[in-house]
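> Let me give you the structure first, and then I'll get to my questions.
What follows draws every value from the coordinates through simple rules; no lab data is involved. All values reported here derive from a predicted model rather than from experimental measurement. Don't worry about glycine lacking a Cβ; one is built from the backbone with ideal geometry, like all the others, and counts go over all protein chains shown.
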Amino acid sequence: MALQQIFDHASSVMTVVSFVTFLGIVGWTYVLRRNSDFDKAAQLPFADEAGENERG
């Protein structure tokens, strides 16, 4: 019986921790307004293609 209570409490704690982590990610993304960093990161997949076209 005690083991079941431990798992029930652990499940509740992990739910709260996961929700707080999610809110932290959302806050870091939208509240801090790091658009310039995200714009640079969004262009990374295309950086190698530009180099290949110039060489080829």
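> Need the full-extension length gain, LEU32 to VAL20, defined as separation in residues times 0.36 nm minus the C-alpha distance. One decimal, nm. Intermediate results must be reported in sequence, preceding the final value.
Values: separation 12, 0.36 × 12 = 4.32 nm, distance 1.67 nm.
Gain in length upon complete extension: 2.6 nm.
> Would you mind computing, in nm to one decimal, how far apart the modelled labels at LEU44 and GLN5 are, each placed 7 Å from Cα along Cα→Cβ?
4.8
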